[in-house]
Amino acid sequence: MLERIKLTDLQSKVMTAQESAQFFENGMVVGASGFTRGGDTKVVLKAVAERAKSEDLEITLITGASLGHGTDAALAESGALKKRLPFQVDTVLRKNINAGNVLFIDQHLGETAEHILNGEFKIDIAVLEVTEILEDGSIVPTTSVGNNVDIAESADKIILEINTSIPTSIRGVHDIYKVEAYGSRTPINITSCDSKVGTDSIKIDPSKVVGIVFHDIHDMAGDIVPADEATSAIAKNIVNFFEKEVEAGRLTKELMPLQCGIGKVANAVLGGLEHSDFENLVMYSEVLQDSTFDLIDSGKMNFASASSMTVSQECYDRVMANMDFYKDKIVLRPQAISNSCEVIRRLGIIGINTSLECDIYGNVNSTHVSGTHMMNGIGGSGDFARNAYISIFVTASIAKGGNISSIVPMVSHVDHTEHDVDIIVTEQGLADLRGLAPRERAIEIINNCVHPDYKQELMSYFERACAERGGQTPHILEEAFSWHTRLKQTGSMKKAETETLVG
């Protein structure tokens, strides 16, 4: 194992996870690797959680995105977690956030490194997963880069987790580039998805390394859920839209670089492209999923750029066993680059992201159930929505067996305003909002995206709002959240039969 520490001066720093946990002190700001379960710290933070069960030990934790292997849950349950940012998906942590036990900063993923860079968050100790330490002390990341570059530079102390389950052949997949401070920043010279502008390792100060811990734990496998009737219909609607854009001359069969959020909808959309007439596709996104590698293997996709890979165990084994094949077809970058507004705008990204609910004017809620309870976080959807060539948001038209309409009069929390949303898609259809005024948007969304159980009532709301209140964006404020109130009181957004008759 020591062969993975090529800077021999650091070989004496090898220790157990429990020993490394002794470097943590109450009140510290901790930066850790990990982006949507990829390349996350797997043993050191769990040892910190064990310490917190018997000691007064609370930390603020900054990562790239979410962690796997129950690390967030262990930290939350032990009381070790005071504050968390910028993203999470853990059910235990989510419960603690919504109970007020853990403070959560929901942050655009492209901006977290900026806050570290400008000193808003000074990192006391960093925990980073790597494949090896090179002769000059620089480190080679594993399956994500995330915020590792700025975390390592800011940290006073660094603990490295060397994951021996990752082959050293992964070196060369990463493109490590660091943006300069405000006032002296130069352009990021990425002009295509396969542009490489940096190095294959992260430079660190070896004197900061206080501990090295070995493990051979695989990333937590991604949740690959087969497409259902709704997600398949959404994918079909998007593919049909792309075909019409080609006919109109606004796209070619190569489309523009694709960005897809994670989950079954994204996989269904990319899966739909595999069986379409589109070709020579490229991706500039945050996470490489199974569907990305399926498109590469089928010959449909030429290249994919992201900050992390989160795949099923089968896909993980396939990629790791054939790293030399994939090395010239994928790249992993710092999320300050994968989510850079500058680069997204330059490349002309087609952004496809999911929403919890949309309203009749095109505002999107991606994060809060009924406006109050956090789900996961905004992630990188805002980075892409604000700067994309085409910004698409997808959702099933109903949830909870039809008791919730995903299209409502007014969203209960706004993550993406109508100004950043071009297309809304449900299994019912697609609303193209480009070039439409608010009143036109409402008609387009209601006619094309709303489930039949809710369409008549939603159109009635809009028509009454126009007639009774008027304005640029007509609303009846005392009714705008009545659907959410009804859900809270009765468990369903649907009107009771007697209420419908009275109405």
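The values are calculated or read from the model by the stated rules, or taken from the named source; none is laboratory data. Since we're looking at a predicted model, the values are computed, not measured. Positions of Cβ are generated from backbone atoms using ideal geometry, with glycine treated the same way; all protein chains shown enter the neighbour counts. Side chains included, ligands, DNA and RNA excluded: accessible areas come from the protein's heavy atoms. Shrake-Rupley method; radii C 1.70, N 1.55, O 1.52, S 1.80 Å.
Of all the residues in the stretch 42-71, those that are touching a residue at least 60 places away in the same chain (Cβ under 8 Å) and over 18 Å from the mean Cα position of the chain (by Cα) number 5. The set of residues from the stretch 324-334 being open to solvent by less than 20 Å² (accessible area, probe 1.4 Å) and not in a helix (DSSP H, G or I) comprises 330, 331, 332, 333, 334. A Cβ distance below 9 Å, combined with a sequence gap of six or more or placement on separate chains, defines the contacts here; from the stretch 446-471, residues that are over 25 Å from residue 422 (Cβ atoms) and open to solvent by 30 Å² or more (accessible area, probe 1.4 Å) reach residues that are part of a helix (DSSP H, G or I) and not aliphatic (A, V, I, L, M) in the pairs 453/402; 457/483; 457/500; 464/479. For the stretch 346-366, check the following and say yes or no: at least one residue is in contact (Cβ under 8 Å) with a residue 40 or more places away in the chain, under 30 Å from residue 171 (Cβ atoms) and open to solvent by 40 Å² or more (accessible area, probe 1.4 Å). For the stretch 346-366, residues in contact (Cβ under 8 Å) with a residue 40 or more places away in the chain, under 30 Å from residue 171 (Cβ atoms) and open to solvent by 40 Å² or more (accessible area, probe 1.4 Å): present. Scanning the stretch 418-438 for residues that are without any contact (Cβ under 8 Å) to a residue 60 or more places away in the chain, in contact with an Asp or Glu (Cβ under 9 Å, 6 or more places away or on another chain) and open to solvent by 40 Å² or more (accessible area, probe 1.4 Å) turns up 434, 436. Looking across the stretch 101-158 at every residue that is among the hydroxyl-bearing types (Ser, Thr, Tyr) and in a strand (DSSP E or B), the one that is nearest to residue 341 (Cα to Cα) is identified as 144.
Restricting the first member to the stretch 233-254 and to residues that are in contact (Cβ under 8 Å) with a residue 24 or more places away in the chain, and the second to residues that are assigned to a helix (DSSP H, G or I) and open to solvent by 20 Å² or more (accessible area, probe 1.4 Å), the beta-carbon pairs closer than 8 Å and six or more apart or on different chains are 234/265; 235/265; 235/271; 235/272; 236/272; 238/272; 239/272; 253/246.
Scanning the stretch 64-86 for residues that are farther than 22 Å from residue 312 by Cα and not hydrophobic (A, V, I, L, M, F, W, C) gives 77, 78, 79, 82, 83, 84, 86.
One line per residue, one yes/no per condition, for (1) in contact with a helix residue (DSSP H, G or I) (Cβ under 7 Å, 6 or more places away or on another chain); (2) within 22 Å of residue 13 (Cβ to Cβ); (3) touching a residue at least 24 places away in the same chain (Cβ under 8 Å):
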| residue | (1), (2), (3) |
| --- | --- |
| 128 | yes, yes, yes |
| 161 | yes, yes, yes |
| 169 | yes, no, yes |
| 174 | no, no, yes |
| 194 | no, no, yes |
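Assess whether residue 263 counts as being on the phi > 0 side of the Ramachandran plot, open to solvent by 20 Å² or more (accessible area, probe 1.4 Å) and small (Gly, Ala, Ser). Yes: the conditions hold for residue 263. Of all residues in the stretch 175-202, those being surrounded by 13 or more Cβ atoms within 10 Å (Cβ to Cβ) and closer than 26 Å to residue 281 by Cβ number 12. Taken together, 344, 262, 337, 352 contain a single residue that is closer than 13 Å to residue 380 by Cα and assigned to a loop (DSSP other than H, G, I, E, B), which is 262. All conditions in (1) buried (at least 24 other Cβ atoms within 10 Å of the Cβ); (2) in contact with a Leu (Cβ under 8 Å, 6 or more places away or on another chain) hold for residue 6, with the sole exception of (1). Taking the criterion of being open to solvent by 10 Å² or more (accessible area, probe 1.4 Å) and on the phi < 0 side of the Ramachandran plot, the residues of the stretch 22-41 that qualify are 22, 23, 25, 26, 28, 29. Does the stretch 151-162 contain at least one residue that is under 22 Å from the mean Cα position of the chain (by Cα) and modelled with pLDDT of 95 or more? Yes, the stretch 151-162 contains a residue that is under 22 Å from the mean Cα position of the chain (by Cα) and modelled with pLDDT of 95 or more. Residues that are in contact with an Asp or Glu (Cβ under 9 Å, 6 or more places away or on another chain) and crowded, with 20+ Cβ neighbours inside 10 Å within the stretch 399-417 comprise 404, 405, 406, 407, 408, 409, 410, 411, 415, listed in sequence order. Considering the stretch 432-494, the qualifying helices (runs of 4 or more DSSP H), each wholly inside and each with 2 or more residues that are closer than 30 Å to residue 350 by Cβ, run over 438-449, 452-468.
For the stretch 290-316, which positions are open to solvent by 10 Å² or more (accessible area, probe 1.4 Å) and in a loop (DSSP other than H, G, I, E, B)? Of everything in the stretch 290-316, those that are open to solvent by 10 Å² or more (accessible area, probe 1.4 Å) and in a loop (DSSP other than H, G, I, E, B) turn out to be 299, 300, 310, 312. The residues of the stretch 135-174 that are within 15 Å of residue 201 (Cβ to Cβ), open to solvent by 10 Å² or more (accessible area, probe 1.4 Å) and not basic (Lys, Arg), listed by number, are 135, 136, 149, 153, 168, 169, 172. Listed here are the helices (runs of 4 or more DSSP H) enclosed by the stretch 1-78 that have at least 2 residues being of a type outside the set (A, V, I, L, M) and under 26 Å from residue 120 (Cα atoms): 71-78.
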